[in-house]
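Data block below; observations after.
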Amino acid sequence: MLHSLLQLGDKYFMWNEGPMIWTSDVLIVLTSLGIIGVLTYLKRWNWLWKEWLTTVDHKKIGIMYIIAAFAMFFRGGMDGLIIRAQLAVPNNQFLNAEHYDQVFTTHGTIMILFMAMPFIIGLMNIAVPLQIGARDVAFPYLNALSFWLFFFAALLFNISFVIGGSPDAGWTSYAPLAGPFYDTGVGENYYLISLQITGIGTIATGINFLVTILKMRAPGMTLMKMPMFTWSILVTSIIIIFAFPVLTVTLALLMFDRLFGAQFFSVTHGGLPMMWANLFWIWGHPEVYIVILPAFGVFSEVVSTFSHKRLFGYKAMVVSMVAIAILSFTTWVHHFFTMGAGASVNSFFSFSTMLIAVPTGVKMFNWLFTMYKGRIQFTTSMLWALAFIPNFLIGGLTGVMLAVAPADYQYHNSYFLVAHFHYVLIAGTVFGVFSGLYYWWPKMFGHILNEKIGKWAFWIFMISFNMTFMPMYFLGLMGMTRRMYTYPAGLGWGPLNMIETIGALGMGLGFVVMVYDIVYSIRHPEKDLTGDPWDGRTLEWSIPSPAPEYNFAVIPEVKGIDAYWMMKHPKGQEPEPTKAVDKSKIRPIHMPNNSYRPFIISVAFFVAGFGFIWQWYWLGIPGLIVVVIGLFLRSFEYDDEHFISTEEIVQTETAAGRL
Amino acid sequence: MQFLRKRWRAVLIFALSTLMLSGCGKIVVLNPQGPVATEELHLITWSFGLMMIVVVAVFALFAFMLIKYRAKKGSKIDYQPEQEGNRLLETVWTVVPILIIIALIIPTIKTTYALVKPPSTGTPVVIKAVSANWKWMFQYPGQGIETVNYVVIPANRPIEFQLDAIGPMNSLWIPALGGQEYSMPGMLMRLWLQADHPGTYVGRSANFSGRGFVHMVFNVIAKSPSDYATWVQKVKTTAPAMTMADYQKLTAQNVVHTMTFSHYIKFFGPRNNSMNALYRAPNS
């Protein structure tokens, strides 16, 4: 009895792999019990269900995205630290090849798809409707579904660590290595199916925000009067809609190979393994811009706000973003110049890649000149935005160096490449979301984050970041390739690797200090009673902090770029009383109802996904049937909206001091 | 701030001195040992130089803005909150990057086309490099011999590596001699390299191919033409011919030591080597 139980444990829970797995098991069980215990003790189950799990409010969904992104940052960061621990010294035996392969695979996948993406989507959920003067997104119900699909996909991906084993073919999951012949466990299935599920959610988000921005702007806000962050999200949404279906198809093809014996990417039977690299990067390169353009949007807002000056070159900013979006679909081959597609193909893709530097450079100089003749205020949010400029520049310019195809033959897959993409993704996306977090936090929670602790977190993280990734450029030139689980002594790689590991610990410390800042600020809140703590320029600062459920009691009228700034500083007139709400204009507000279905459908997706991963069709197929039933019932749901009465609005606005 | 600036400097000095200690001579890409690597280094230096122009310009502007326009109490500096653009400036920073890219793309295209041709006029030596998880097999069709996990080449003659793979993709990279190219199953590729002098250089697979990937390291031994001829003769007369058992061991998924054969069996059968997958470390 005990023996067969242990056998089951070995088969499904990898108990034979030793203490690391056992510790994880115990920690997971304890954490889950802890959460359940706290919720029960504080009698918060009802609150959790009514206020959060069933909500369709874009602000709450945004907050949940960001909380999940933080959790995933922690997981992905731990993976990163484990990688650095293994590589700190030559010939290290801390991890074996198999475990190391799993760790770098989950590090990359989580950081891109389950950290960067939800963090960006979280910020866009919070800011976009408020910036355009809307009461919610175009499809609030779909928005909730997007979130829960992401959430359960992330959960599904993460449980692979303790149930069945993590994927181990790299976040790029190249075939045929990731195909059924070379990767026999369930790990790769976890990768394929959880990415598939979160991808569906992301496509829905893209459609949702495209429609929201095109159809729901306040009167007077033409496209060329939109805030730059909203512009960046519009462009990002379009990229998502074009790029993510490619990922969906690609993942499905490899899934057919793995689950049903198809031969799309196999070595034998006429499969074409190199096609995977092409398809993956046709999605993968635009994906890079999906996570970087919103960060560009954040920087535009933050630099302009804290220079107390208009954004320099608004039109050029828009045009360059659109140019980047178009070019992003024409450069995918630069990820594998070394596949030897021929001189003409490589020359073309070298050129198209270098071209991206032009619009990016335009944006860089526009940010710099936004500060020209401004009054720069060094808040934490601004520090992240400022640090972006030199650090991202290094990443971007080494990107141009990598675009030189013949030189790339020497950089490719070396630590030079690893350094490059960490410089663009951390200095771009991560600095961007941190900047946005400090910037919009008051709008989310009604208090600002402690600036002193925030600045400590910034300096620790930023300096450590350079310590971690700058040496990698040199290691690459010294011949160290990525994804090596260990390296011999005597090549001179040891000291640089040690510096990197110390840097990585510093980044971990910076993250902890930032989390401490959040905890500290919640316990000692510095309340934002004005709704406009930064002397902001766009509409989200014209309403109270935190934003009321319906966002705007009266939809504002927009007269130009930086609508709220114009209300505060009208030309040739006395300033209008900008904060007061005109009581006579208040009408009942039409809002969507909460719904439990997005949550249930996503749980069903999770169950179905788990079934397909293990090829337990008795579980997978019923799961999918529940999904279909959920969608079917949604089609016949007619009573899904309500009105907020004038009295309630007056009450809320009076409490916020607006009436 | 003062404290932080000091710390920055300390970090920088520490990093630089460690780099010096670790020996610049070990930055193999910057010390090319053959015409291909030299040509690639030229492009690396050229692109680095062009990029430094941008770095200097942006860093200088960045520092200028931060110092001059930071908000101070009672500051009387020029403050123009409504300034929204400047056509001349915007044209400058669109045109200058385009010029830089033109300066970069021309040599890039030239070299890209040059590298698909032999690097020099000598008679090329053809070596078929086959990756099979997790080892490199080097077959010499002209000589009929095969080496495993090391390769001997004559110095000063162009080497035509024909890349093939059994199983997943790998990448043949000998940084001292030049850049890499993928080895792919069923897709024969060609990589031209050449060594200027006799010597030993390190090569490895640069594309992740599973658990044993890190063991796909090999030495490239460049010999003078006469030494090379002697070596070929010696292999032909003293090394064993490849047996069927050797063949099976080599095409299976495993890690092996260096080997030498006076005669090799041409590759046949499925390009999958996972059927008899047995992972063995080299010292087991």
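A few notes on this one:
- Residues that are under 17 Å from B:Val96 (Cβ atoms) and surrounded by 22 or more Cβ atoms within 10 Å (Cβ to Cβ), drawn from region A:368-392: A:Phe369
- Candidates B:Val151, B:Val116 - the one that is touching a strand residue (DSSP E or B) at 6+ places or on another chain (Cβ under 7 Å) and either away from chain A (no Cβ under 12 Å) or among the β-branched types (Val, Ile, Thr) (or both): B:Val151
- Residue tally, condition at the interface with chain A (Cβ under 8 Å from one of its Cβ atoms) and either within 26 Å of B:Gln248 (Cα to Cα) or assigned to a strand (DSSP E or B) (or both), over region B:164-190: 16
- Enumeration of residues in region A:408-418 that are more than 10 Å from every other protein chain (Cβ to nearest Cβ) and surrounded by 24 or more Cβ atoms within 10 Å (Cβ to Cβ): A:Tyr415
- Failed item in (1) closer than 15 Å to B:Phe267 by Cβ; (2) touching a Lys or Arg at 6+ places or on another chain (Cβ under 9 Å), with B:Trp173 passing the rest: (1)
- Answer residue from region B:216-230, given it is crowded, with 19+ Cβ neighbours inside 10 Å and outside any strand (DSSP E or B) and is farthest from the chain's Cα centre (by Cα) among those: B:Tyr228
- Wholly enclosed helices (runs of 4 or more DSSP H) of region A:74-188 bearing at least 2 residues on the phi < 0 side of the Ramachandran plot and charged (D, E, K, R): A:97-109
- Complete set of residues in region A:259-270 that are crowded, with 21+ Cβ neighbours inside 10 Å and either among the small types (Gly, Ala, Ser) or within 18 Å of A:Pro167 (Cα to Cα) (or both): A:Phe265, A:Ser266
- Enumeration of residues in region A:602-622 that are more than 17 Å from A:Gly164 (Cα to Cα), buried (at least 20 other Cβ atoms within 10 Å of the Cβ) and among the aliphatic types (A, V, I, L, M): A:Ala604
- On inspection, A:Met444 fails the criterion of being free of Cβ contacts under 8 Å to residues at least 60 places away in the same chain and either facing chain B (nearest Cβ under 10 Å) or of a type outside the set (Phe, Trp, Tyr) (or both).
- Looking across region B:131-147, the residues that are more than 12 Å from chain A (Cβ to nearest Cβ) and in contact with a Phe, Trp or Tyr (Cβ under 7 Å, 6 or more places away or on another chain) come down to B:Trp136, B:Gln139, B:Ile145, B:Glu146, B:Thr147.
- Filtered by the rule that a residue be of a type outside the set (Val, Ile, Thr), within 21 Å of B:Gly85 (Cβ to Cβ) and more than 25 Å from the chain's Cα centre (by Cα), region A:367-418 gives A:Leu368, A:Phe369, A:Met371, A:Tyr372, A:Lys373, A:Gly374, A:Arg375.
- Restricting region A:482-505 to residues that are at the interface with chain B (Cβ under 7 Å from one of its Cβ atoms) and in a helix (DSSP H, G or I), the residue that is surrounded by the fewest Cβ atoms within 10 Å (Cβ to Cβ): A:Pro495
- Single condition A:Arg310 does not satisfy, out of (1) in contact with a Pro (Cβ under 9 Å, 6 or more places away or on another chain); (2) within 14 Å of chain B (Cβ to nearest Cβ); (3) crowded, with 24+ Cβ neighbours inside 10 Å; (4) of a type outside the set (Gly, Ala, Ser): (3)
- If you go through region B:191-215 and pick out every residue that is more than 10 Å from chain A (Cβ to nearest Cβ) and in a loop (DSSP other than H, G, I, E, B), you end up with 5.
- Flag for B:Lys110 being within 28 Å of the chain's Cα centre (by Cα) and more than 8 Å from every other protein chain (Cβ to nearest Cβ): yes
- Test: residue in region A:511-526 that is in a loop (DSSP other than H, G, I, E, B), touching a strand residue (DSSP E or B) at 6+ places or on another chain (Cβ under 7 Å) and either in contact (Cβ under 8 Å) with a residue 60 or more places away in the chain or at positive phi (or both): yes
- Any chance A:Ile324 is among the aliphatic types (A, V, I, L, M), buried (at least 21 other Cβ atoms within 10 Å of the Cβ), facing another protein chain (nearest Cβ under 9 Å) and at negative phi: no
Conditions (1) at the interface with chain B (Cβ under 7 Å from one of its Cβ atoms); (2) over 21 Å from A:Lys309 (Cα atoms); (3) assigned to a strand (DSSP E or B), marked per residue:
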position: A:Phe351; (1), (2), (3): yes, yes, no
position: A:Met354; (1), (2), (3): yes, yes, no
position: A:Gly361; (1), (2), (3): yes, no, no
position: A:Met364; (1), (2), (3): yes, no, no
position: A:Leu368; (1), (2), (3): yes, no, no
position: A:Lys373; (1), (2), (3): yes, no, no
position: A:Ala385; (1), (2), (3): no, no, no
position: A:Phe388; (1), (2), (3): no, no, no
position: A:Phe392; (1), (2), (3): no, yes, no
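- Screening A:Gly531 on (1) on the phi < 0 side of the Ramachandran plot; (2) surrounded by 20 or more Cβ atoms within 10 Å (Cβ to Cβ) shows it passes everything except condition (1).
- Of the residues examined, A:Trp441 is one that is part of a helix (DSSP H, G or I), surrounded by 21 or more Cβ atoms within 10 Å (Cβ to Cβ) and among the aromatic types (Phe, Trp, Tyr).
- Some residue of region A:545-559 being outside any loop (DSSP other than H, G, I, E, B), in the same structural domain as A:Gly133 (by TED's automatic domain parsing) and touching a residue at least 60 places away in the same chain (Cβ under 8 Å): no
- Scanning region A:238-280 for residues being among the polar types (S, T, N, Q) and modelled with pLDDT of 95 or more gives a total of 3.
The values are calculated or read from the model by the stated rules, or taken from the named source; none is laboratory data. These numbers were taken from a predicted model, which means no experiment stands behind them. Here the Cβ is made from the backbone with ideal geometry for all residues, glycine too, and neighbour counts use every protein chain on show.
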